[in-house]
Each structure stands twice: as C-alpha cells, then as structure tokens.
Amino acid sequence: MLKKIFAVIRVLFGTAWKKYPMFFAAETLRMLANVSQPFVGIFISPLIIDELIGDRDLKKIFIYTGTLIIGEFLLTVIADRCGTVIGKYHQRLNNYFSILIGKHSMELDFQLTEDKAALEQIERARTGMDWYSGGVVGIADQVFPFVGNIIKIVGLVAVIVTKAPLLIAVIVVYVIISTLMTVRKNKIEVEAFGKLSKVNRLFGYFGWNVVDPKYGKEIRLYEARDTMVDYWKDNTEKSNTHWKNQADGQFPYVMAEDILSFFREVFTVFYVALLAVNGVYTAGIFTQMVAAEGNLSNSLRNIMWNVTELVKRCNYAYEYVKFMEYPAALEKGDVKVEKKPHEIEFRHVTFAYPGTDRKILEDVNIRIAPGEHLSIVGLNGAGKTTFIKLLCRLYDPTEGEILMDGRNIKEYDYSDYMAQFAPVFQDYKLFALSVKDNITFGKDDEDLDGLFEKVGLSDFVKKLDKGTDTNIFKFFDEEGVEPSGGEQQKIAIARALHKDAPIVILDEPTAALDPVAEYDIYRQFNTLVGGRSAFYISHRLSSCRFCDRIAVFSEGRIAEYGTHDTLVDAGGLYAEMFEAQAKYYR
C-alpha cells in the first residue's frame, strides 16, 4: 500500500508542481495557520480565566483578550484566503488532469481502444481521479493536514502529559478503536469502487445515447425510445442499488463511532473537573486541559482519518497512475523512415483479434511495388479492412511479418511509420471544427483551393459565409454547416490528400457519392493519387480498372491476384462478382 501512496504522490504532485507551484505554497501556508490556531486559545484562555477569578487586572485582561481575538482572527483570515486560492486551483487541476487523460487516451496504441480491459482502465482513471480521490486537491487535503496534525499532536501531548497523563491513554484507546472502524468503512467503499466501473459504463452508455443527436434518426424511425429508456432505467436502478448497499454496510460503523465519541467526552470533563475541584490546578488550567484534550483527540482521530482517507483516495488515484503507465500493445522501433514511395510485403501473415481464436487473415502473402495502385476486393468479412489495419500498424500480425523496403515494420519509429499513410476509412470521422481544421489540423493550409477543385468541394466551400472557417456541425456553433454524406466524404478525401503521404488508402471512398461525383473521382484517380502508392477497397468493381493490380480476398486469404482483364478471363471469384454487378448496367 505504501508503494501505491508514494507512487500517487510522486506522479500527481510532481505533475501538478510543474504546472501550478503556487497551489502547494497556498496549501503549506494554510496548514501552518491551522496548526497555530488552537494553540492561541489553549495558552491564552487560561490566563484570561485565572485573571478574571484572581486579581482581575483590567489591563492584563484586555491584553490577553486582544491577543486572543486578533491572533485567531489573523490566522483565520490567512487560512480562509489560502482556502480561496486553493479553490481556484481545484477546477484548474481537475481540467488539467482530464486533458492529460484525454491526451494519453489518444496516444494509446489503437489496438487498446478496442480492448475491454484498457477501456475499463480509462474509465477507472477518469472516475478515480474525479469523483472518488478528488484528484490532486483531494490527495493534498489529506497529506498537508496529516503533516499539520503531527505537529499539533507533538505540541498538545507536551501540554497534557505534565498535568493529566491519564487522558493520553484514554485518547489513544479511543483513536485505535475509531481507526479500526474507519478502516472497515473505507474497505467497504474501495470494494464497492472495484465493481463500479462496469455499472458506470453501462449507465453512461444508455444515458447519453438516448439524448445524443447522432442516434436521433434510428431512435425515431425504429421507435427505439422506450427500449433505450428502459435500459437506462434498469442501469440507473443497478447504480442506485450499488450506492445503497455501500451506505448500508457503512452505517453500523458510523453509529458506533458517534457513541464512542460521546463517552470519551463525558469521561474527559468529569476527570479534569475532579482534579480542579481537588485543587490539583486552577480553573484556567481546567479549561486548558479540556481544550487540549479535545484538540488532541480530534488531531489523533484526524490523523488516523487522514491516513485511512489517504489510503482510500490513493487507491482510487492509483488507477490514473496505472493508466498513464499502461503498457504498449505494439513493439516500437527507432529506425527513421524517409517520406518516399515504399515497397510493401506481407509475408505469411496470419491475424486473429486479441482474445479470440478466429483467424481473420490466414497466410497472406503479397508484395506491392513502390507507387503501385492495388485494388482490394472481396465479400463482406473477407478480411479487407483488417488487412489495411495491419498495414497501418493499428494491430500487429499474430503470425508472420510485414516488411517495408525489406525491413520489418516493427523496427521503424512508430510516428515516422504512421506518417507514411493517408487513409480514408469506411467509418471516417469529421470533427466539430472548421472545414479547414478538419483537413489540415492546424498544419499548412496553402493551396486548399486547388485541393477542393480536385475532390469536387469548390462549389460547397463557395456557398459558406465564412468559407473554410465555417464550423462543421452545429454542436458548438449555431451557424455551423451540416454537410451531406457525399460532402463529408469529399472532406475526408481532401484530408488524406492534404497530408501528402507516400501511401494513400481509400476504403470505400465513393460509397456516399452520387454517380456523377463518383465518376469524377474515378476519372481523376491517377491525378489525385499521383505517383504515390495506393490501396483501394471498393465493392464497385468497375473502379478496379483504375488500379495496376487487384487482390481478391476470400475467407481471410488472397484467393486471386492480377489485373482486371486477367481475372475476368480467368473466370474465378472476381469474374463472378464482376458479372453479377455488370448485368445491372447493361
């Protein structure tokens, strides 16, 4: 457990210190003010009481009272001011660490974004840092008071031990029992947290999908509202049951702590009063002992609470540490890659998705020359898109190897390797950003007009009031534009071409285009792609005429390979598929 605590403090505080060092200055100053405050009353109040009972010297009474009031006032002001400063940093730190989680999520190997364990780890990191640990502020709110309570305890013990040592033994027994109860409560809470990530994911999935506009058509046209709401209610009930069980389990320990505290306070007052009545010390010292005992008891209880709460919170926050250190799924090399046309070779490549035994690809062998245009065809489920995922190193082969220019792609620097590809996937995504940012992502935006002309977007852009600065979608901008499916696909194609990578991948690039726009893309295919290598997946076999070679996938293997004419003449699977489509155009 100590290893977890030190790891959390090292990672969270180290990260926060680099960004917001003044947060720690405010925490330290507040701690010192809170430590000093009770001692002002403990040492000055007895002087006031003894003076009131004894000589009643007004000058001394005014000096003692003024010192007490001003001292406590200044310390309160300092602590409150520091608390205000810390409060300002609270949301900043939460936002900062949310950004770090999001950034790291985008940096994870793509394979992990489809891995259940990794997805649950992301969820635990988010909820652990936000809801349960309180993040940096939540951890600091235990660490700094822990240090402050140690200082207070040393001072308070020194005050009590010379006048009422029995109180120390009573307080220690009370704190030990109270701590055991707190540990049990925290154990119940931590065990409950371990079961919560799945509940939260299901609750969030159905809750947000019900109100997410992108599901609006399906929900309305298929009357899916009641089904979605029923799932939401069901998972809401599971969430409520989860929290109820946690509260019910902790309730007996809460009640026992309250009863124990009551008897401790009763004993303290009677014991100290008895000593005062018997003349062991003055009335002022009586008030000092009662105040010191109360503060010591609270400090001991608080320090134990700090420890148990710190253990609990660090358990939650450790999920963030684990996520930020989540092991990579892919082996990374350091060989630099030059941006140029490359020879690609799949050598005895077999692939099954992690956690499954079903082979999506089996013993695939193919070599693509630099600048070659390869069309990939086949029935649904034949392995075409998986072939592309392996090529882009979104996954690694289960068996065999993929070579680029004769070297295993695992040896290349991962970022350099990814920079060689400009894909348009079948399930491409556009973002609620401007048209320009969706294409350039903040990079060079020169000659966009020529690019728009090539892909057929010129008329679309000319109609926009803000031109390429117009936002896509209306999520954050009421003046945003909602492009048609074909226009969105053209933007995705423009994005790929703008990257100017040596290898272009087009996965069903014309699926949402009308026949005229599709013809324009085909007609300009060589102009668009140029001398770059191109991988072209399409169910419309007429598009294959624009490629140098065709690879026909069937049941995870390359069943046929050649040019359009040779495959048609061969009378195999490709010829059968081509004929099935061609008859509708005759």
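Quick look at the numbers
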{"read-out": "Test: residue in region 508-529 that is at pLDDT 85 or above and in a loop (DSSP other than H, G, I, E, B)", "value": "no"}
{"read-out": "Filtered residues of region 77-101 (kept if among the small types (Gly, Ala, Ser) and either in contact (Cβ under 8 Å) with a residue 12 or more places away in the chain or over 17 Å from Pro145 (Cβ atoms) (or both))", "value": "Ala79, Gly83, Ser98"}
{"read-out": "Region 456-490, subset among the charged types (D, E, K, R) and closer than 19 Å to Tyr428 by Cβ, residue surrounded by the most Cβ atoms within 10 Å (Cβ to Cβ)", "value": "Lys490"}
{"read-out": "Restricting region 434-453 to residues that are out of contact with any Leu (no Cβ under 9 Å at 6 or more places or on another chain) and at pLDDT 90 or above, the residue that is farthest from Thr468 (Cα to Cα)", "value": "Asp437"}
{"read-out": "Residue identified as in contact (Cβ under 8 Å) with a residue 12 or more places away in the chain and crowded, with 18+ Cβ neighbours inside 10 Å among Phe144, Phe110", "value": "Phe144"}
{"read-out": "Number of positions in region 347-364 that are touching a Leu at 6+ places or on another chain (Cβ under 8 Å) and among the hydrophobic types (A, V, I, L, M, F, W, C)", "value": "3"}
{"read-out": "When residues of region 555-573 are limited to those that are out of contact with any strand residue (DSSP E or B) (no Cβ under 7 Å at 6 or more places or on another chain) and of a type in the set (Asp, Glu), the one farthest from Ser542 (Cα to Cα)", "value": "Glu555"}
{"read-out": "Qualifying residue in region 78-89 (condition: at pLDDT 90 or above, in a helix (DSSP H, G or I), in the same structural domain as Phe13 (by TED's automatic domain parsing) and in contact with a Ser or Thr (Cβ under 8 Å, 6 or more places away or on another chain))", "value": "no"}
{"read-out": "Candidates Phe351, Phe346, Phe323, filtered to the one that is buried (at least 16 other Cβ atoms within 10 Å of the Cβ), within 30 Å of Val137 (Cβ to Cβ) and modelled with pLDDT of 90 or more", "value": "Phe323"}
{"read-out": "Pairs where the first residue, in region 240-267, is of a type in the set (Asp, Glu) and the second is surrounded by 11 or more Cβ atoms within 10 Å (Cβ to Cβ), C-beta under 7 Å, 6+ apart", "value": "Glu257/Ser178; Glu257/Met181"}
{"read-out": "Some residue of region 105-112 being within 33 Å of the chain's Cα centre (by Cα) and within 19 Å of Met31 (Cβ to Cβ)", "value": "no"}
{"read-out": "Unmet requirement for Glu293, which otherwise passes all of (1) among the charged types (D, E, K, R); (2) in the same structural domain as Met129 (by TED's automatic domain parsing); (3) closer than 26 Å to Ile101 by Cβ", "value": "(3)"}
{"read-out": "Single condition Ala247 does not satisfy, out of (1) closer than 30 Å to Asp55 by Cβ; (2) at pLDDT 80 or above", "value": "(1)"}
{"read-out": "Some residue of region 438-455 being buried (at least 19 other Cβ atoms within 10 Å of the Cβ) and charged (D, E, K, R)", "value": "no"}
{"read-out": "Test result for Met106, touching a Phe, Trp or Tyr at 6+ places or on another chain (Cβ under 7 Å) and over 30 Å from Thr287 (Cβ atoms)", "value": "no"}
{"read-out": "Within region 400-424, tally of residues that are in contact with a helix residue (DSSP H, G or I) (Cβ under 9 Å, 6 or more places away or on another chain), under 16 Å from His498 (Cβ atoms) and outside any strand (DSSP E or B)", "value": "1"}
{"read-out": "Flag if Val364 is surrounded by fewer than 19 Cβ atoms within 10 Å (Cβ to Cβ) and modelled with pLDDT of 90 or more", "value": "no"}
{"read-out": "Residue that is farthest from the chain's Cα centre (by Cα), among those in region 404-422 that are of a type in the set (S, T, N, Q) and farther than 15 Å from Arg367 by Cβ", "value": "Gln420"}
{"read-out": "Qualifying residue in region 431-440 (condition: over 16 Å from Lys499 (Cα atoms), part of a loop (DSSP other than H, G, I, E, B) and touching a Gly at 6+ places or on another chain (Cβ under 9 Å))", "value": "yes"}
{"read-out": "Residue ranges of helices (runs of 4 or more DSSP H) in region 1-73 with at least 2 members more than 43 Å from the chain's Cα centre (by Cα) and buried (at least 18 other Cβ atoms within 10 Å of the Cβ)", "value": "21-53"}
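The values are calculated or read from the model by the stated rules, or taken from the named source; none is laboratory data. Since this is a predicted model, take the numbers as computed values, not measurements. Positions of Cβ are backbone-derived with ideal geometry, glycine not excepted, and every protein chain shown enters the neighbour counts.
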